[in-house]
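A short worksheet on the structure shown next.
The values are calculated or read from the model by the stated rules, or taken from the named source; none is laboratory data. In this text the structure is predicted, and so the values were computed from the model without any measurement. All Cβ positions, even for glycine, are placed from backbone atoms using ideal geometry, and neighbour counts span all protein chains on display. The accessibility values were calculated without ligands, DNA or RNA, using every heavy atom of the protein model including side chains. Shrake-Rupley method; radii C 1.70, N 1.55, O 1.52, S 1.80 Å.
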Amino acid sequence: MKLLEELQQRRVIRVAIAYAVASWVVIQVFDIATGSFSAPDWVMQVVLVAAVLGFFAALALAWSFRWTPRGMQRNRDRAAAISDRGFQLGEWLIRPDLLEIQRDHQKIRLKPKSMDVLRRLADARGQVVSRDELFDSVWPGGVVSDDTLTQCIVELRKAFGDSAKTPSFIETIPRKGFRLLVPPDAVTDTPERAARSSQGNTWFAAFVFAGVAAAGALFWMRTEPHDSASTGDKTLAVLPFTDMSPGQDQEYFADGLTEELINKLAGFDGLLVTGRTSSFVFKGRNEDLRSIGDILNVEYILEGSLRRAGNQLRITAQLIEVASGFPLWSDSLDREASDLFALQDELSHAVASALAVRLRVGGDLNPHNTTSVEAWRLWNQAVNGKDKEDPLRSIELLRQALEIDPDYALAWAQLSHIHLQFERAAAPDWREKSVEYFRRAWQLDPDSLPILERAVFHHIKFGRWVEAERALAAIDEYYNHALGTGPHLEFLTKMGRSQDAIELAERGLRRDPLAFVYQLFAQHAYAMAGRPDEADALAERMYEQSGQAGEGLHNAFSNPDPAIFEKWTGRFRDSDSDDVNSVMADLYPDREAALEWLRSLPPERETFFPQAWAAYLGDTQLALELMQRAPDAWAFWMPHNAPVRNTPGFKDVVREMGLETYFREYGWNDYCRPLDEHDFECQ
């Protein structure tokens, strides 16, 4: 009876019955087929022998393995299989094999990746597990966004009834990772169960031997592999949709549609979606999809087109398998353009259905920021349309959107951003207007991620470092992840936290390898940290993609190899432009002439580049004077400014910018340290 109970527990009897029924059906089919095609007798004999041998193989596999929602799992000795069977977290029993957590009579199912995250945190036993460690263990070899990990943490907190603000189970360590607050306890078997399992293992040894032989024979005979569900995440890139409209005037909408699809599909469980920047590199480029797939390291590509004639829209899309180049799914939608949101959702659902069937992934869709389609269209045109480089035209579009929906927080935030971005080239009151518009956006939606991101940028621009830090802390608190965007990276850079900037930028590059923002900040952080070769390699890659040489030259000021500096100055030399770098590239061999020209610069041209040139040419006092006239912490911590940081005047700049106050409250950076409660030094 004990053996029978173990056979039932391991589902061996169930497998034997199922195998017998399936074998009988297969034999009947082969019997009919061999008779119809006059096949030789040995064909049927082989089928019968394979069925018999397969029976032993099925029993052996059923004894040794079991099928769970996570795929095939090994049935190890039940007295030792603690990690498979589960563990205890306070009142909760964790069952990884069933993807469940249990308490009393309550059972809650988790997604596979969420359970993997929980097990990794439990393995750490109260120690902090960094985001990168979770990425490497739960998504090994994959390119995954921070949002994917965040969704797992949110699901776990919801299941346990936990809170990010007052955690009882999972605590967020800002800019570090997560840790489990409840120590895990192992679930143990009784001695009777362990003994019964051991007896069963001994009795079944003969079947294991027969099963191995049968499995080998079955493997030799089969022609098609078993179609099992993949346990790894699928990788997908959404290429920019093509505007096929007669007037070629719907590009902004096609780009917005692409971004919506990227954002929505990125939330699907089991799917890793390439970031927007890397996907948009291939906009308008007629390249082989297999080459694009290799560059972006994805298995599947979604491409499509949009055609608008009057009020009629046709959107086509197809899902391509990169390895074969063949479409797995395609569809087209013909709709009126009056409800763009519904059209986007319909296409997203169609794509989701195709992915769910063909790739076995799925997810939820995100809500819109406004209920007005027309307001969204105007905002999208201002942000993504052909007029986005024209600040006056963008402002006009945003004002039209706000006339339709005065509570459209993102439109207010974008209006503030444009006024602050172009304040030096526009009217004197643009800075004040930027503050007014941002205050309105903040009042409308202070907890949303886009507004918090703009808050970081806004505070950085005004030198409010403590407020920027608090906005970043709010992002960690509400969204449980370190923000890998430009404002966060710019903040780390200006604070002189080069190692933190490197970690965050590298994480972004894994998710979006061609993104300009990550390449820019990663190379700057490498140069700050004294890693000039890595900085130059990344600057060269960015130059090949965009033709921008400014940051490459800025890094070259600190590169000990003069050939690198000559390479970058050569890209500015003999230019028709009168910008600082082009003029200095021609002048700098004559040191005195170059320094004299720097001294004559008008205030509106005093940025960090003139100061960098003065430091490179060895005039520390001029470099300090230029830094005092146009203080920009972006360049403070570069190696070429080390002599400037050693001057007493530099400490005055740090104090006047409020950096000392920030350092004393939140910790000192990589280049400065306190001497006492009133003094400090920087190197």
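Numbers below:
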{"quantity": "Separation in nanometres of the label points that stand 7 Å from Cα toward Cβ, at D407 and R431", "calculated": "3.4 nm"}
{"quantity": "Summed side-chain charge close to H524 - residues other than H524 whose Cβ falls under 10 Å, Lys, Arg +1, Asp, Glu -1", "calculated": "-2"}
{"quantity": "Amide H within-cut-off set for I170, under 5 Å, with H built and near neighbours excluded", "calculated": "L181"}
{"quantity": "Cα shape, the stretch 271-340, gyration tensor, a/c 1.5 rule", "calculated": "prolate"}
{"quantity": "Per residue, in Å², the accessible surface of the stretch 442-593 once ligands and nucleic acids are set aside, probe 1.4 Å", "calculated": "38 Å²"}
{"quantity": "Per-residue SASA entry for D590, accessible area with 1.4 Å probe, Å² rounded to 10", "calculated": "90 Å²"}
{"quantity": "Reachable lysines, given that their alpha-carbon falls under 22 Å from the alpha-carbon of K111 and they are not under 8 places away in the same chain", "calculated": "K158, K234, K264"}
{"quantity": "Accessible area (Å², 1.4 Å probe, nearest 10) - Y666", "calculated": "90 Å²"}
{"quantity": "The stretch 631-683 - percent of accessible surface contributed by carbon and sulfur, probe 1.4 Å", "calculated": "48 percent"}
{"quantity": "Exposure of T166 as accessible area (Å², to 10), given a probe of 1.4 Å and all protein chains", "calculated": "100 Å²"}
{"quantity": "The stretch 531-668: C-alpha gyration tensor shape, a/c 1.5 cut-off, then a/b vs b/c", "calculated": "oblate"}
{"quantity": "For the stretch 533-549, Karplus couplings with θ = phi - 60° (6.51, -1.76, 1.60), whole Hz, Gly/Pro x", "calculated": "5, 5, 4, 5, 4, 6, 5, 5, 5, 5, 5, 5, 7, 10, x, 8, 10"}
{"quantity": "Mean separation of Cα contacts under 8 Å (6+ apart) over length of the stretch 566-683, as relative contact order %", "calculated": "15 percent"}
{"quantity": "Over the stretch 508-581, relative contact order from alpha-carbon pairs under 8 Å, at least 6 apart, %", "calculated": "21 percent"}
{"quantity": "Taking the convex hull of Cα positions in the stretch 592-639, its mean projected area over all directions (nm²)", "calculated": "3.0 nm²"}
{"quantity": "Cut-off under 5 Å, modelled amide H: who pairs with Q250 long-range", "calculated": "S245"}
{"quantity": "Surface share of carbon and sulfur [accessible, 1.4 angstrom probe, percent] for the stretch 504-578", "calculated": "49 percent"}
{"quantity": "Under 25 Å from the Cα of K651 - lysines, other chains or at least 8 residues apart", "calculated": "K461, K494"}
